[in-house]
Structure formats: C-alpha cells, structure tokens
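Please read the structure below before turning to the comments.
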Amino acid sequence: MAMTSLTELDDDTVRSMSIGAVFSEFGGKINSIDFHRKDDLLVTASEDDSVRLYDIASAKLLKTTFHKKHGADRICFTHHPSSVICSSTYNLDSTGGFFFLLFLLIFIYHCFMYERVMENVAESLRYLSMYDNRCLRYFKGHKERVVSLCMSPINDSFMSGSLDHSVRIWDLRVNACQGILRLRGRPTVAYDQQGLVFAVAMEGGAIKLFDSRSYDKGPFDTFLVGGDTAEVCDIKFSNDGKSMLLTTTSNNIYVLDAYGGEKRCGFSLEPSPNTKIEATFTPDGQYVVSGSGDGTLHAWNINMRNEVSCWNSHIGISSCLKWAPRRAMFAAASTVLTFWIPDSSKSTVEPRPMDVEGAAPSENVSQQ
C-alpha cells in the first residue's frame, strides 16, 4: 500500500479513494478507532477486548494487547505515540460481589456513602502504555458506559461523556476528576483543534460551547439543530475551527458554522438499527465522508453541497470512520478494518442521487 502525504484535496482525488489494505483478524465489532495527531499511527478498540496499534504508512499491525478483565470500548491517543486512554466495557470490580451487596444494603440509606460505593465499582477509564502493556492510571467516577472520549490537543486534559448523563474533565497526571457537567440525555464531547473551546451535545439537539479554561462558568453559547431532536452520537470540529460536524442517532449528518451555529448543509443516510455510524472531516475541512446503513460510504463537498462519491464499503455498515490527520487516507471499520487511499487508475464514477438538505447552485500479542 503506497501512502502519500496529504496535499490539497479535490473532487477527483476524493472520488478515486479505494481500499489499500484490509485487516480481518478481529474477533468482534470494532468499537472505536483513533489516529495519532503527529505520528503515522492508528489504534483500535474491539469487542474481542483487544487494543491494536497500526503503522498506517506501511499498513502494518504493530502490536495487539488483550484486556479481558475490563474490555475495550472507546479509545483515543494521548500526545505520546504509545499511550492511549481506553474506556472499560465491564465494571472494574469483578470480585467481591457478596461483600459489595452487603455493604450497599447497610448503607443504601446514606446518599453520600451510596455515591462512594457506586464510584468504587463504576465504569472506568484507563491510561494505557502500549509499549510495555501497563495500565499507568485508572480514572473512576462514571456510573454507566462511556460513549464519548476526547483528548485536549494542547495539554494533558481529556473529557469523557457517559450514559450516566455526565461529562467529566480529567488530567492524565492525577486520578481524581477535575470537573463534572451534569446534563440531560446522551452527552457527546469534542475539543476544537486549538484546545480553547469544547462542545457538548445533549438532549434535544442542543450544542453547548464552553471555554476550556473556565468551563465552570457555564456555556458561552448554545446552538440548536432545528427540526431534528435525535441524539447526537458524534461531534467533530474542522481543523480550521470554522465548522462542526454532527452525526445523529437517526443517521442524519449536519455541518454547522462553529461561530454562529447556522446549518451549512445536511445529509440523510440509510438507517442502521443498533449500529451508530460515524462521519469525518477531511483535514482541509472541505469534505465530509461517512458510512451509511446500507453498507455504502459517501463523500460530500461542503462548499458545493453536493455528493462527490459513493462507494461500496465491502465490510458492511462502517460504524467507525476517521480521516488521517497528515495523509491522503481514511480508515473505515466494522468487524473488519480497511485503509482507503487514492487510486489514480480508478475510473470516475458518478455518485447516485441522495437526500441532501440545504442544496445550493510485525505483531506482538500480550494479555492484560
């Protein structure tokens, strides 16, 4: 697989994207993927409790670690190329159930103690070293599954959103939570590329923007995605900070102006029951690529508000999809991971019409 550095993209280059590498060694659905910001690395977390590290320049699997005790759900790189944050699939405390129940029954009437008990066994986040397969730190507090996870681009802070209706702000250097936001619905979080602002999507299609240095003062702006009250399952900022990309549980995609919240364009995809799709900006912020419920992949030109290409994903519904920060490449995953790169020999194929809103004129295996 010949990898090329990212140059300015155009419709023909995007249209020519095709599969350059396939990895099918997973024993279940891939839950999440992430690219490192500065190194040619990709990490995956899968239902088979594995975390896998790939060199995207050579299309090579570098390392696999298994996490049978905690599982592997959401994952993201820290700033270090061999360190990641991973959310657990299973409760941290898998033993002592009798003593926990006894303890809970004795102190259930005491709210403060109840809170402490729940935090001791709650869904946890782990700071993992892929280099030597060590857990560097645990982060406890969430009472239900973490559904959104992101690392600050400028410091050691990171955020997690959970089905317990909270967003927690953390610091890699300490175990204790640094801040909590209580919200309605399923929270989804994202930092902008400068790390100065973060967005939280919540119930009813509301997007709240916070200053990351003074989030305790509350949001400085709130946007509403008009006409769509489905929960937002993913949110991303473009690299230039001018646009936000929202993907909803009803498989609608919206590109918003990040300053005023106006909807620049929207796209409707085939439904995918029980599977949430993911969309991604290209690094120049000019295109959006997404999976769909019918197993296809789609690319749109944001400025022209038209579909550029439609491909067969060849792997079913792609629930994970991200574009590499520094390469002309994106990765799509279901139970299989695929790397997509430009193919200059590929003939141009016109995409089929779609429902478009706002249209205008070497492996090492170890166990943990």
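Expressed as cubic angstrom per residue, what is the convex hull volume of the alpha carbon set of segment 141-229?
87
With a ≥ b ≥ c taken as the square roots of the eigenvalues of the C-alpha gyration tensor of segment 221-286, please select rounded if a/c is under 1.5 and otherwise prolate if a/b is larger than b/c or oblate if it is not?
Taking the square roots of the gyration eigenvalues as a ≥ b ≥ c, segment 221-286 is oblate.
Can you work out the base-10 log of I(q)/I(0) for segment 11-361 at q = 0.09, 0.15 1/Å, using the Debye formula on its C-alpha atoms alone?
Cα-only, vacuum Debye calculation for segment 11-361: -0.48, -1.33.
Extension gain ASN239-SER344, at 0.36 nm per residue separation less the Cα-Cα distance, in nm?
Residue separation times 0.36 nm, minus the Cα-Cα distance, leaves 35.2 nm.
Sketch the reach of a paramagnetic label on ILE154 as a point 7 Å from Cα along Cα-to-Cβ, and name the residues of segment 186-204 whose backbone nitrogen lies under 11 Å away.
Hits in segment 186-204 for ILE154 at 11 Å: 192-198.
Considering the zone a paramagnetic label at LYS217 would reach in this model (a point 7 Å from Cα along the Cα-to-Cβ line), which residues of segment 158-185 have amide N under 16 Å from it?
none
So for the pair SER250, ASN312, with labels modelled 7 Å out along Cα→Cβ, what separation do we get in nm?
About 3.1 nm separates the two model spin labels.
If you plug each phi of segment 289-299 into the Karplus form 6.51 cos²θ - 1.76 cosθ + 1.60 with θ = phi - 60°, what whole-Hz ³J(HN,Hα) values come out, in order, with x for Gly and Pro?
Using θ = phi - 60°, the values come out as 10, 8, x, 8, x, 9, x, 9, 10, 9, 10 Hz.
Please compute the length gained on full extension between LYS143 and ARG37, using 0.36 nm multiplied by the number of residues separating them and subtracting their Cα-Cα distance.
Stretched out fully, the LYS143 to ARG37 stretch lengthens by 35.2 nm.
Taking amide H positions as placed 1.01 Å from N in the peptide plane, with prolines and chain starts having none, which residues 5 or more places from ARG137, or on another chain, fall under 5 Å of its amide H?
TYR127
Tell me, in nm to one decimal, what length is gained between ARG326 and SER129 on full extension, where the rule is 0.36 nm per residue of separation less the Cα-Cα distance?
Additional length available on full extension: 68.6 nm.
Around ILE315, with a cut-off of 14 angstrom between Cβ atoms, what is the net charge of the other residues, counting Lys and Arg +1 and Asp and Glu -1?
My count for the surroundings of ILE315 gives -2.
None of the figures in this text is laboratory data; all of them are computed from the coordinates on show. Given the structure is predicted, the values throughout are model-derived calculations rather than measurements. A quick note on method: Cβ atoms are made from the backbone with ideal geometry, for glycine too, and the neighbour counts reach across all protein chains shown.
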